[in-house]
Amino acid sequence: MPPSLEIAVRVGGAALVFAAMALWEWRAPRRALAIGRSPRWPGNLGILAIDIVAVRLLVPTAAVGVALLASDRGWGLLNLIGVSSWAAILIGAVVLDLVIYIQHVVFHHVPMLWRLHRMHHADLDIDVTTGVRFHPLEILLSLAIKMAAVAVLGVPAVAVLIFEVLLNATSMFNHSNVALPPWIEPIVRWIVVTPQMHQIHHSIERAETDSNFGFNLPWWDRLFGTYRAKPAAGVQNVVIGLPIFRDITELAIVRLLTQPFRNDGSPLV
Ligand SMILES: [Zn+2]
Ligand SMILES: [Zn+2]
């Protein structure tokens, strides 16, 4: 695939999903936002801009580049056992999703990694922009993990691209302040992580924060016992965010960038 087409697929796909979800949550919000858009969107979208620049500058070829290199040199499990290309794409994308799930659980339980990831959780509301609010160091670290997984597994480049475009899209979808119709919600929950499922992951209650880790496929949470059906306080009343960083000044971009390094008494290791 020519690089210009790859960029068009990535940017076009992300812009389309962002616009669709922003429109949906504006016309039919699941609930009223506590803080609203204007204090939050500049910081959240500013972080997105920094993340894009950081990845493009530091790791320009990224995971697709590793996949091309791996297939060229015959590296990785799928290249070694020689499955059909369709099977390799399917297995590659599903296993990458499992890797991201495990990574997410680890980022919650290792104090130093939690310091990076907690910036995502410190948003005082959850909407489409929360889905792109990740600390640049977390983005770079997860890219390194993904590149290692791609090399070890021998995931085809097209599977990496599909997975990354899908992960971006589902992250914006499941952070959106929208609700699926009640009759369809339980069905969709078996196929993809829904907004109401991921909302629980952003609850201020730590037991609820440590549940529903999936981003794409909802099966891992069910399989490993981290699935939670609803928040104790109810969908309308669950408090979003963390017990720390509740001041509105924490939504500014400089504060977001410094949150991992703040000496707030929580353990480092
Ligand atoms: Zn999390
Ligand atoms: Zn989230």
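Of all residues in the stretch 99-148, how many are more than 13 Å from ligand 1 (Cβ to nearest atom), buried (at least 22 other Cβ atoms within 10 Å of the Cβ) and of a type in the set (A, V, I, L, M)?
2
State the number of residues belonging to the stretch 62-73 that are farther than 13 Å from E164 by Cβ and either of a type in the set (S, T, Y) or touching a helix residue (DSSP H, G or I) at 6+ places or on another chain (Cβ under 7 Å) (or both).
Result for the stretch 62-73: 3.
Report yes if some residue within the stretch 220-232 is more than 14 Å from ligand 2 (Cβ to nearest atom), closer than 19 Å to S171 by Cα, touching a helix residue (DSSP H, G or I) at 6+ places or on another chain (Cβ under 9 Å) and part of a helix (DSSP H, G or I); otherwise report no.
So far as the stretch 220-232 goes, yes, one or more of its residues are more than 14 Å from ligand 2 (Cβ to nearest atom), closer than 19 Å to S171 by Cα, touching a helix residue (DSSP H, G or I) at 6+ places or on another chain (Cβ under 9 Å) and part of a helix (DSSP H, G or I).
Which residue out of F163, F107 is more than 16 Å from ligand 2 (Cβ to nearest atom) and within 17 Å of the chain's Cα centre (by Cα)?
None of the others qualify; the one that does is F163.
Every residue, every condition in (1) within 14 Å of ligand 2 (Cβ to nearest atom); (2) modelled with pLDDT under 95; (3) within 11 Å of the chain's Cα centre (by Cα); (4) within 16 Å of E6 (Cβ to Cβ), yes or no:
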| position | (1), (2), (3), (4) |
| --- | --- |
| H121 | yes, no, no, no |
| D127 | yes, no, no, no |
| T130 | yes, no, yes, no |
| H135 | yes, no, no, no |
| E138 | yes, no, yes, no |
| M147 | no, yes, no, no |
| A157 | no, yes, no, yes |
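So, in the stretch 197-217, how many residues would count as being more than 13 Å from ligand 2 (Cβ to nearest atom), more than 13 Å from the chain's Cα centre (by Cα) and either more than 16 Å from I126 (Cα to Cα) or not in a loop (DSSP other than H, G, I, E, B) (or both)?
Going through the stretch 197-217 one residue at a time, the tally reaches 2.
Could you please tell me which pairs satisfy a Cβ distance under 6 Å, a separation of 6+ or placement on different chains, a first residue in the stretch 164-181 that is assigned to a helix (DSSP H, G or I), and a second residue that is of a type in the set (G, A, S) and within 11 Å of ligand 2 (Cβ to nearest atom)?
Partner pairs satisfying both residue conditions: S171/G131; M172/G131; H175/G131.
In the stretch 182-196, which residues are within 11 Å of ligand 2 (Cβ to nearest atom) and not in a helix (DSSP H, G or I)?
Within the stretch 182-196, just V193 meets the criteria.
How about the stretch 1-44: which of its residues are charged (D, E, K, R) and touching an Asp or Glu at 6+ places or on another chain (Cβ under 9 Å)?
R10, E25, R37, R40
Only residues in the stretch 209-225 that are on the phi > 0 side of the Ramachandran plot count as the first member; pair them with residues that are surrounded by fewer than 18 Cβ atoms within 10 Å (Cβ to Cβ), Cβ under 6 angstrom, at least 6 apart or cross-chain, and list the lot.
N212/R228
Which of the residues belonging to the stretch 194-207 are of a type outside the set (S, T, N, Q), closer than 13 Å to A229 by Cα, within 13 Å of ligand 1 (Cβ to nearest atom) and surrounded by 24 or more Cβ atoms within 10 Å (Cβ to Cβ)?
Within the stretch 194-207, just H201 meets the criteria.
Of the conditions (1) closer than 30 Å to R246 by Cα; (2) surrounded by fewer than 18 Cβ atoms within 10 Å (Cβ to Cβ), R40 fails just one. Which one is it?
Against the list (1) closer than 30 Å to R246 by Cα; (2) surrounded by fewer than 18 Cβ atoms within 10 Å (Cβ to Cβ), R40 comes up short only on (2).
The values are calculated or read from the model by the stated rules, or taken from the named source; none is laboratory data. All figures in this text were calculated on a predicted structure; none of them were measured in a lab. Cβ atoms come from the backbone with ideal geometry, glycine included; neighbour counts cover every protein chain shown.
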